[in-house]
Amino acid sequence: MAISIAIIGSGPAGFYAADAIQKSIENPIIDIIERLPTPYGLIRGGVAPDHQTTKKVAKKFEKTALAGDIRYFGNVEVGRDLTLDELREIYDVVILAIGAPADRKLTIPGSDKVGVHGSAAFVGWYNGHPDFVELEPDLKINAAMVIGNGNVALDVARLLVRSKSGRAKTDLPLYARDAMDASPIKDVYVLGRRGPQDAKFTNVELREMLDLSECVPVVDPADLSDEMPADMDDRDRRLAEKNLETLRAFSGIDPSGKPKRAHFVFYAQPVEILGGTHVEGIRIERTKVENGRAIGTGVTRDIPCGMVIAAIGYRADPIPGLPYDEALGIIPNDRGRIEQGLYAVGWIKRGPSGVISSSRPDGIEVAEHIAADFAAGGTRPGRDRLAELLAERGVRVVHFEDWQRLEKTEIDRASGPQPRHKFTDVADMIDHLEGRK
Ligand code: NAP
C-alpha cells in the first residue's frame, strides 16, 4: 500500500520535503496541513516585502503542490482542529515543518514598555500575517532602535528608511505602507553586541544599505578593526572580510548626504529601555569581546528613540508530548528522525538559521529515512480519514485551488507597481471564497 504522509507546515521546509519525497518514494500520498489558509510560511510572512525576487521561490513550491498526489489542507490547525496523536494514528508518516515562529525575548528592564516589539511580531505585521495585523506599532517617531546583527535586523531597518516610491513596489499591506510612508523617522540604529567580524548579516543584504535613495549608512571607523577571531574558519573569515569592506565603504560616506541615516553601532549591548509607559530611548553599554562573548565595560550612553525592535532570533515552542531541547529550541532528532513515523525538517529540526534553501537538504534526508523505515510500504488510511474527521468537525478546509483563487484576487486588485494586495484576515479570505465578499 502507498505510504500516507502528512506534512505539518507549508513553509519552505514543508515544500522541500514534499518535493524530495515525491522524487524518491514510489507513489507517495502527501497532505500538507497548514494553520493559515495561505501557503508558503516565511516566504509570505517572513521574507521582506521589498525582496520580491526571493519570494519567487513560491512558484517552485506551487509546481510541487500541483504535481503528483499532493493535497493542500489550509486553515487546519493541529492542536485546534485535531491533535498530533490523531494525525499519527491516521498517517504512516508525520513530518513536522512548523518552523520557529516565536521571538527570543529581550529581558532587560523596560522591555515591557509600549513601543518595544519582537521582530517576529513586527515582521509579521508588515507582511500582513493575520496573527500580527493588530500590532499597529506607532511609527510617529523620529528614531528607532533595532537590536541584533542578523538579516532580520537589516530587513527591519531598511524598510523603515526606504523611500515611498521604493515601498510602492513591495507587497507591504496598505496599512503598513501608509504608516511607514507617514512616519517622520530619520534615524534607525542597528545595534550589535559584538564586533562587525561577528555580525550575522550576509554581505548582499548589508550592501543593499548603499542603494537606498533617501538614507545613508553610518558607522564609526574606529569599530572596524582587521582583527579576526582566532577560531574562525576560512569561509566565515571571507564573509566577515567582505562585510568589513562594505562597512569601510559606509564609513567614507557623508552622513548628511541624504535625509535619513542607518547607524551601525557595534560593541554595544542594550541595558535598559527608557521612558514612562512608552519608549523614549535606550541605554546601551559599550562592550569588548572576550572568547567570542560580549562583556560589558560599564561605559553607557543613552540614545533617544520612540521604538525598539528586538531582532535577536527566533525559537520554536515545545510541543506537548514530545521532547524539547530548551538550549537549541528544537525537537531532538537524529538527522530529522524523531522516531519511526515522526520526522522534523527546517527550523524545528535544526534551529532558526540559514537562508530559504538551507531547508532543502532536510527534505532529502527525511525522504531517505522514510524509504528505510517504510520499505514494506504503508498501512494507514491518511487523506480520506483526515477529510472525514475535518468534515465531522465543521472545519472549512482551504485547498490549493481555493488558495489559487485568493492569490488571483490579490494580484488582480494590486495597483501600480504593487505586486499583490494581500488578504490579511482569515475571515475575509473565507468570506471571499464563499462568495460573501
Ligand atoms: P540571527 O542571524 O541569529 O541574528 C540574531 C542577532 O541577534 C545576532 O547578531 C545576535 O548576536 C543578536 N542577539 C541575540 N541575543 C541578543 C541579545 N540579548 N542582545 C543583543 N543582541 C542579541 O537571527 P535573525 O536575524 O533573526 O535571522 C534568522 C535567520 O533567518 C538567519 O539565518 C538569517 O540569515 C535568515 N534570514 C535571511 C534573510 C536573507 O537571506 N535575506 C533575511 C532574513 C532572515 P550574537 O551573534 O552576539 O549572538
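Throughout, read-outs are computed from the coordinates displayed, never taken from laboratory work. All of these numbers come straight from a predicted model, not from anything done at the bench. Because the Cβ atoms are built from the backbone with ideal geometry, glycine has one as well, and the counts that use them run over all protein chains shown.
Quick notes on this one:
- Listed residue (111, 296, 191) projecting farthest to the positive dipole end of the range 102-312, Cβ model: 191
- Across 64, 202, 53, mean-square fluctuation computed from a Gaussian network of the chain (C-alpha pairs under 10 Å connected) peaks at 53.
- Taking the square roots of 5 times each eigenvalue of the Cα gyration tensor of the range 247-311, largest first, gives ellipsoid semi-axes of 22, 21, 9 Å.
- Amide H contacts of residue 218 (H built 1.01 Å from N, under 5 Å, at least 5 apart or other chain): 262, 263, 264
- The Cα-based radius of gyration of the range 102-312, divided by its Kirkwood radius, gives an Rg/Rh of 0.95.
- In this structure the amide hydrogen of residue 314, modeled in the peptide plane, comes within under 5 Å of the amide hydrogens of 104, none closer than 5 places in sequence on its chain.
- Value at 222 nm in deg cm²/dmol, rounded to 500, when DSSP H runs of n ≥ 4 in the chain each add -39,500 (n - 2.57): -9000 deg cm²/dmol
- Largest-first principal axis extents, alpha carbons of the range 66-155, Å: 54, 31, 26
- Along its three principal directions, the equivalent ellipsoid of the chain from the Cα gyration tensor extends over semi-axes of 40, 26, 19 Å, largest first.
- The peptide list 145-155, 242-252, put in order of mean Cβ contacts within 10 Å with the highest first, becomes 145-155, 242-252.
- Rounded to 5, percent antiparallel among DSSP beta bridges of the chain: 35
- The chain: angle of helix 12-24 to the longest principal axis, Cα-based, in degrees nearest 10: 40
- Estimated vicinal HN-Hα couplings, Hz - the range 247-256 in sequence order (Karplus 6.51, -1.76, 1.60; Gly, Pro = x): 5, 5, 4, 4, 5, x, 8, 6, x, 9
- Taking the Cα centre of the range 102-312 as origin and assigning +1 to Lys and Arg Cβ atoms and -1 to Asp and Glu Cβ atoms, the resulting dipole is close to 260 debye.
- Charged side chains reduced to their Cβ positions (Lys and Arg at +1, Asp and Glu at -1) give the chain a dipole of some 1080 debye around its Cα centre.
- Relative to the longest principal axis of the Cα atoms of the chain, the long axis of helix 400-412 lies at roughly 40 degrees.
- Loop-located trypsin sites (Lys or Arg not before Pro) in the range 118-175 whose Cβ has at most 12 other Cβ within 10 Å (DSSP): 140
- Estimated vicinal HN-Hα couplings, Hz - the range 307-312 in sequence order (Karplus 6.51, -1.76, 1.60; Gly, Pro = x): 8, 10, 10, 8, 9, 10
- Taking the longest Cα principal axis of the chain as reference, the axis of helix 57-66 is set at about 10 degrees.
- Take the Cα of residue 56, step 7 Å toward its Cβ, do the same at residue 404, and the gap between the two points is 2.2 nm.
- In the range 29-104, GluC sites (Glu not before Pro) in a DSSP loop with at most 16 other beta-carbon atoms within 10 Å: 77
- For the range 366-381, the Karplus equation 6.51 cos²θ - 1.76 cosθ + 1.60, evaluated at θ = phi - 60°, returns couplings of 5, 4, 5, 4, 5, 4, 6, 6, 10, 4, 8, x, x, 10, 9, x Hz by residue, with Gly and Pro reported as x.
- Cβ-Cβ FRET estimate between residue 283 and residue 222, R0 fixed at 30 Å, reported to 0.05: 0.90
- Close amide H pairs (under 5 Å, H built 1.01 Å from N) link residue 421 with 411, 413, 414, residues at least 5 positions away or on another chain.
- Checking the cross-link pairs 55/113; 60/437; 56/408; 56/260 against a 27 Å limit on the alpha carbon distance flags 55/113; 60/437; 56/260 as lying beyond it.
- Two-site label geometry, residue 241 and residue 384: point separation in nm, points 7 Å out along Cα→Cβ: 6.3
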